[in-house]
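Notes for the one structure printed next.
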Amino acid sequence: MSQTLNFPVAVPKLFRDAVYLRELTEDDIPTWFERASDPESAVLAGDPIPESVEIGFQWLQRHRERFHQQAGIRWAIVPKGATQSVGTIGLTISSKEERFAELGIVIGRAYWGKGIGTCAAHLVIDYAFNILGLAEIHAEVLQRNLASRRLLEKVGFHLLRTIPGDPQADTNSEDFLLYVLPGQNRTDTQ
Ligand SMILES: CC(C)(COP(=O)(O)OP(=O)(O)OC[C@H]1O[C@@H](n2cnc3c(N)ncnc32)[C@H](O)[C@@H]1OP(=O)(O)O)[C@@H](O)C(=O)NCCC(=O)NCCS
(Lines give C-alpha, C1' and ligand atoms only; values in the text may rest on other atoms or scores of the structure.)
Protein backbone atom coordinates (compact mmCIF):
# COMPACT_ATOMS: atom_id res chain seq x y z
CA MET A 1 0.00 0.00 0.00
CA SER A 2 1.34 3.43 -0.95
CA GLN A 3 2.30 5.96 1.73
CA THR A 4 -0.06 8.62 0.37
CA LEU A 5 -3.83 8.64 0.31
CA ASN A 6 -5.53 7.50 -2.86
CA PHE A 7 -8.34 10.05 -2.53
CA PRO A 8 -11.17 9.41 -5.04
CA VAL A 9 -12.40 11.88 -7.66
CA ALA A 10 -16.02 10.96 -6.90
CA VAL A 11 -17.65 9.45 -3.81
CA PRO A 12 -17.40 5.71 -4.48
CA LYS A 13 -20.48 3.49 -4.42
CA LEU A 14 -20.02 0.61 -1.97
CA PHE A 15 -22.23 -2.51 -1.74
CA ARG A 16 -22.44 -5.36 0.69
CA ASP A 17 -25.14 -7.80 1.77
CA ALA A 18 -27.98 -5.65 2.98
CA VAL A 19 -26.53 -2.17 2.52
CA TYR A 20 -25.65 0.21 -0.32
CA LEU A 21 -23.54 3.34 0.30
CA ARG A 22 -23.69 6.22 -2.16
CA GLU A 23 -22.93 9.94 -2.31
CA LEU A 24 -25.26 12.36 -0.50
CA THR A 25 -27.85 14.23 -2.57
CA GLU A 26 -30.64 16.76 -1.97
CA ASP A 27 -33.02 13.76 -1.64
CA ASP A 28 -31.30 12.88 1.66
CA ILE A 29 -32.17 16.21 3.31
CA PRO A 30 -35.68 15.30 4.66
CA THR A 31 -34.43 12.11 6.34
CA TRP A 32 -31.35 13.97 7.60
CA PHE A 33 -33.67 16.59 9.18
CA GLU A 34 -35.83 13.97 10.88
CA ARG A 35 -32.77 12.19 12.26
CA ALA A 36 -30.94 15.37 13.28
CA SER A 37 -34.06 16.64 15.11
CA ASP A 38 -34.11 13.55 17.38
CA PRO A 39 -32.67 14.98 20.65
CA GLU A 40 -31.14 11.71 21.91
CA SER A 41 -29.54 10.88 18.57
CA ALA A 42 -28.20 14.45 18.22
CA VAL A 43 -26.50 14.33 21.64
CA LEU A 44 -25.04 10.87 20.97
CA ALA A 45 -23.74 11.96 17.58
CA GLY A 46 -22.45 15.28 18.98
CA ASP A 47 -24.45 17.35 16.46
CA PRO A 48 -26.56 20.48 17.06
CA ILE A 49 -30.32 20.21 16.43
CA PRO A 50 -31.13 22.10 13.19
CA GLU A 51 -33.71 24.91 13.30
CA SER A 52 -35.29 24.07 9.95
CA VAL A 53 -35.05 21.63 7.06
CA GLU A 54 -33.42 24.40 4.97
CA ILE A 55 -30.25 23.99 7.09
CA GLY A 56 -29.97 20.67 5.28
CA PHE A 57 -28.70 22.45 2.16
CA GLN A 58 -25.80 23.86 4.23
CA TRP A 59 -25.21 20.38 5.69
CA LEU A 60 -25.02 18.92 2.18
CA GLN A 61 -22.79 21.75 0.92
CA ARG A 62 -20.42 21.30 3.87
CA HIS A 63 -19.96 17.62 3.07
CA ARG A 64 -19.45 18.38 -0.64
CA GLU A 65 -16.80 21.00 0.18
CA ARG A 66 -15.01 18.65 2.57
CA PHE A 67 -14.91 16.06 -0.18
CA HIS A 68 -13.54 18.52 -2.76
CA GLN A 69 -10.89 19.64 -0.24
CA GLN A 70 -10.00 15.95 0.26
CA ALA A 71 -10.85 16.42 3.94
CA GLY A 72 -13.56 13.78 4.21
CA ILE A 73 -16.00 11.42 2.53
CA ARG A 74 -19.62 11.03 3.67
CA TRP A 75 -21.97 8.39 2.32
CA ALA A 76 -25.76 7.97 2.47
CA ILE A 77 -26.72 4.56 3.88
CA VAL A 78 -29.48 2.83 1.89
CA PRO A 79 -30.74 -0.58 3.07
CA LYS A 80 -31.24 -3.23 0.37
CA GLY A 81 -34.60 -2.81 -1.39
CA ALA A 82 -35.14 0.74 -0.07
CA THR A 83 -35.08 3.91 -2.13
CA GLN A 84 -34.48 6.41 0.70
CA SER A 85 -31.38 6.64 2.87
CA VAL A 86 -31.76 5.87 6.59
CA GLY A 87 -28.51 7.40 7.83
CA THR A 88 -25.01 8.50 6.94
CA ILE A 89 -21.48 7.27 7.57
CA GLY A 90 -18.23 9.04 6.91
CA LEU A 91 -14.51 9.42 7.29
CA THR A 92 -12.97 12.75 8.27
CA ILE A 93 -9.28 12.91 7.42
CA SER A 94 -7.55 14.01 10.62
CA SER A 95 -3.98 13.73 9.27
CA LYS A 96 -3.15 13.39 5.57
CA GLU A 97 0.54 12.82 6.36
CA GLU A 98 -0.07 10.07 8.90
CA ARG A 99 -3.10 8.78 6.93
CA PHE A 100 -5.43 8.95 9.94
CA ALA A 101 -9.18 9.46 9.76
CA GLU A 102 -12.12 9.55 12.12
CA LEU A 103 -15.23 7.44 11.59
CA GLY A 104 -18.68 8.94 12.15
CA ILE A 105 -22.05 7.24 11.74
CA VAL A 106 -25.67 8.07 12.45
CA ILE A 107 -28.80 6.09 11.65
CA GLY A 108 -32.49 7.02 12.06
CA ARG A 109 -34.07 5.66 15.23
CA ALA A 110 -36.60 3.49 13.35
CA TYR A 111 -33.68 1.51 11.87
CA TRP A 112 -31.57 0.98 14.99
CA GLY A 113 -30.64 -2.56 15.98
CA LYS A 114 -31.09 -4.14 12.52
CA GLY A 115 -27.40 -4.60 11.76
CA ILE A 116 -27.34 -1.71 9.25
CA GLY A 117 -24.68 0.28 11.15
CA THR A 118 -22.35 -2.72 11.48
CA CYS A 119 -22.72 -3.57 7.80
CA ALA A 120 -22.06 0.04 6.71
CA ALA A 121 -19.01 0.25 8.99
CA HIS A 122 -17.54 -2.94 7.50
CA LEU A 123 -17.93 -1.47 4.00
CA VAL A 124 -16.24 1.81 4.89
CA ILE A 125 -13.40 0.11 6.80
CA ASP A 126 -12.65 -2.25 3.90
CA TYR A 127 -12.62 0.70 1.50
CA ALA A 128 -10.54 2.85 3.88
CA PHE A 129 -7.72 0.33 4.26
CA ASN A 130 -7.76 -1.47 0.91
CA ILE A 131 -8.38 1.43 -1.50
CA LEU A 132 -8.10 4.81 0.19
CA GLY A 133 -4.91 3.72 1.94
CA LEU A 134 -5.56 4.82 5.51
CA ALA A 135 -3.10 3.68 8.17
CA GLU A 136 -5.45 4.06 11.13
CA ILE A 137 -9.08 4.92 11.89
CA HIS A 138 -10.19 6.56 15.13
CA ALA A 139 -13.62 6.98 16.69
CA GLU A 140 -14.74 9.02 19.69
CA VAL A 141 -17.92 8.03 21.51
CA LEU A 142 -19.70 9.09 24.65
CA GLN A 143 -19.02 6.52 27.34
CA ARG A 144 -22.76 5.90 27.74
CA ASN A 145 -23.26 5.24 24.00
CA LEU A 146 -23.46 1.45 24.34
CA ALA A 147 -24.76 0.79 20.80
CA SER A 148 -21.91 2.71 19.22
CA ARG A 149 -19.30 1.06 21.47
CA ARG A 150 -20.65 -2.38 20.62
CA LEU A 151 -20.65 -1.56 16.90
CA LEU A 152 -17.02 -0.38 17.03
CA GLU A 153 -15.90 -3.46 18.95
CA LYS A 154 -17.74 -5.75 16.51
CA VAL A 155 -15.89 -4.31 13.53
CA GLY A 156 -12.50 -4.61 15.24
CA PHE A 157 -11.82 -1.30 17.04
CA HIS A 158 -10.17 -1.41 20.45
CA LEU A 159 -10.36 1.06 23.28
CA LEU A 160 -7.33 3.35 23.45
CA ARG A 161 -8.23 5.64 26.35
CA THR A 162 -10.89 7.60 28.19
CA ILE A 163 -11.13 11.34 27.60
CA PRO A 164 -12.55 12.73 30.84
CA GLY A 165 -15.31 15.32 30.54
CA ASP A 166 -15.21 18.59 32.42
CA PRO A 167 -18.10 18.47 34.96
CA GLN A 168 -18.07 22.30 35.11
CA ALA A 169 -18.55 22.71 31.33
CA ASP A 170 -21.95 23.27 29.68
CA THR A 171 -20.90 21.03 26.81
CA ASN A 172 -18.30 18.24 26.84
CA SER A 173 -19.12 17.52 30.48
CA GLU A 174 -19.35 13.76 29.88
CA ASP A 175 -16.55 11.23 29.50
CA PHE A 176 -15.67 10.11 25.97
CA LEU A 177 -13.92 6.93 24.86
CA LEU A 178 -11.31 6.99 22.12
CA TYR A 179 -11.25 3.86 19.96
CA VAL A 180 -8.66 2.93 17.35
CA LEU A 181 -8.50 0.51 14.42
CA PRO A 182 -5.01 0.08 12.90
CA GLY A 183 -4.81 -0.92 9.26
CA GLN A 184 -2.34 -3.73 9.84
CA ASN A 185 -2.91 -6.75 12.03
CA ARG A 186 -6.50 -5.76 12.59
CA THR A 187 -8.94 -8.40 13.74
CA ASP A 188 -11.98 -8.44 11.52
CA THR A 189 -14.67 -9.90 13.73
CA GLN A 190 -17.45 -10.07 11.15
C1 LIG B 1 -24.75 3.84 16.98
C2 LIG B 1 -25.62 3.44 15.78
C3 LIG B 1 -25.01 4.04 14.51
C4 LIG B 1 -25.63 1.91 15.67
O5 LIG B 1 -26.27 1.55 14.45
P6 LIG B 1 -27.22 0.26 14.37
O7 LIG B 1 -27.56 0.02 12.95
O8 LIG B 1 -28.34 0.43 15.33
O9 LIG B 1 -26.21 -0.85 14.88
P10 LIG B 1 -26.35 -2.43 14.72
O11 LIG B 1 -27.78 -2.81 14.52
O12 LIG B 1 -25.37 -2.84 13.68
O13 LIG B 1 -25.93 -2.92 16.18
C14 LIG B 1 -24.65 -2.81 16.72
C15 LIG B 1 -24.59 -3.59 18.03
O16 LIG B 1 -25.00 -2.72 19.11
C17 LIG B 1 -25.95 -3.41 19.92
N18 LIG B 1 -26.82 -2.42 20.53
C19 LIG B 1 -27.76 -1.68 19.94
N20 LIG B 1 -28.35 -0.87 20.86
C21 LIG B 1 -27.74 -1.12 22.04
C22 LIG B 1 -27.85 -0.61 23.36
N23 LIG B 1 -28.72 0.37 23.63
N24 LIG B 1 -27.07 -1.12 24.33
C25 LIG B 1 -26.16 -2.08 24.06
N26 LIG B 1 -25.97 -2.59 22.81
C27 LIG B 1 -26.76 -2.11 21.83
C28 LIG B 1 -26.66 -4.31 18.94
O29 LIG B 1 -27.36 -5.35 19.64
C30 LIG B 1 -25.49 -4.82 18.11
O31 LIG B 1 -24.74 -5.80 18.79
P32 LIG B 1 -25.01 -7.38 18.57
O33 LIG B 1 -24.90 -7.63 17.08
O34 LIG B 1 -23.95 -8.04 19.37
O35 LIG B 1 -26.40 -7.65 19.06
C36 LIG B 1 -27.08 3.95 15.95
O37 LIG B 1 -27.60 3.41 17.13
C38 LIG B 1 -27.20 5.45 15.97
O39 LIG B 1 -27.27 6.09 14.93
N40 LIG B 1 -27.24 6.06 17.18
C41 LIG B 1 -27.38 7.52 17.32
C42 LIG B 1 -26.17 8.30 16.82
C43 LIG B 1 -24.86 7.75 17.36
O44 LIG B 1 -24.77 7.36 18.50
N45 LIG B 1 -23.85 7.76 16.49
C46 LIG B 1 -22.52 7.33 16.85
C47 LIG B 1 -21.78 8.47 17.41
S48 LIG B 1 -20.10 8.06 17.72
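Observations, loosely collected:
- Taking each residue of the stretch 1-23 that is farther than 20 Å from Ile105 by Cβ and looking for partners that are open to solvent by 30 Å² or more (accessible area, probe 1.4 Å) and of a type in the set (A, V, I, L, M) with beta-carbon atoms closer than 7 Å, six or more apart or interchain, yields Asn6/Ile131.
- Residues in the stretch 85-121 that are over 26 Å from Pro39 (Cα atoms) and open to solvent by 10 Å² or more (accessible area, probe 1.4 Å): Ile93, Ser94, Ser95, Lys96, Glu97, Glu98, Arg99, Phe100.
- The number of residues in the stretch 24-55 that are in contact with a Leu (Cβ under 7 Å, 6 or more places away or on another chain) and of a type in the set (D, E, K, R) comes to 1.
- First in the stretch 30-44 and more than 20 Å from Arg144 (Cβ to Cβ) and more than 12 Å from the ligand (Cβ to nearest atom), second anywhere and of a type outside the set (Val, Ile, Thr) and open to solvent by 60 Å² or more (accessible area, probe 1.4 Å), Cβ under 6 Å, 6 or more apart: Thr31/Gln84
- Any hit, the stretch 85-103, residues being free of Cβ contacts under 8 Å to residues at least 40 places away in the same chain, among the hydroxyl-bearing types (Ser, Thr, Tyr) and more than 10 Å from the ligand (Cβ to nearest atom): yes
- Considering residues of the stretch 20-34 that are out of contact with any strand residue (DSSP E or B) (no Cβ under 6 Å at 6 or more places or on another chain) and not hydroxyl-bearing (Ser, Thr, Tyr) only, the residue most open to solvent (accessible area, probe 1.4 Å): Glu34
- Selected residue (only one of Gln69, Gln143 is at pLDDT 95 or above and out of contact with any strand residue (DSSP E or B) (no Cβ under 8 Å at 6 or more places or on another chain)): Gln69
- Flag for Thr162 being surrounded by fewer than 21 Cβ atoms within 10 Å (Cβ to Cβ) and within 11 Å of the ligand (Cβ to nearest atom): no
- Residues that are more than 18 Å from Gly104 (Cα to Cα) and open to solvent by 40 Å² or more (accessible area, probe 1.4 Å), drawn from the stretch 51-68: Glu51, Val53, Glu54, Ile55, Phe57, Gln58, His68
- Hits in the stretch 126-153 - residues which are away from the ligand (no atom under 13 Å from the Cβ) and either in contact with a helix residue (DSSP H, G or I) (Cβ under 9 Å, 6 or more places away or on another chain) or open to solvent by less than 20 Å² (accessible area, probe 1.4 Å) (or both): Tyr127, Ala128, Phe129, Leu132, Gly133, Leu134, Ala135
- Residue match in the stretch 73-80 (condition: open to solvent by 50 Å² or more (accessible area, probe 1.4 Å) and β-branched (Val, Ile, Thr)): no
- Checking Leu177 against (1) farther than 26 Å from Leu14 by Cα; (2) in contact (Cβ under 8 Å) with a residue 40 or more places away in the chain, the condition it does not meet: (2)
- The criterion of at least 2 residues that are over 28 Å from Leu142 (Cβ atoms) is met by the following strands (runs of 3 or more DSSP E) wholly inside the stretch 1-110: 19-23.
The values are calculated or read from the model by the stated rules, or taken from the named source; none is laboratory data. Quick caveat, the model's predicted, so the values are computed rather than measured. All Cβ positions, even for glycine, are placed from backbone atoms using ideal geometry, and neighbour counts span all protein chains on display. Only protein heavy atoms, including side chains, enter the accessible area calculation; ligands, DNA and RNA are left aside. Shrake-Rupley method; radii C 1.70, N 1.55, O 1.52, S 1.80 Å.
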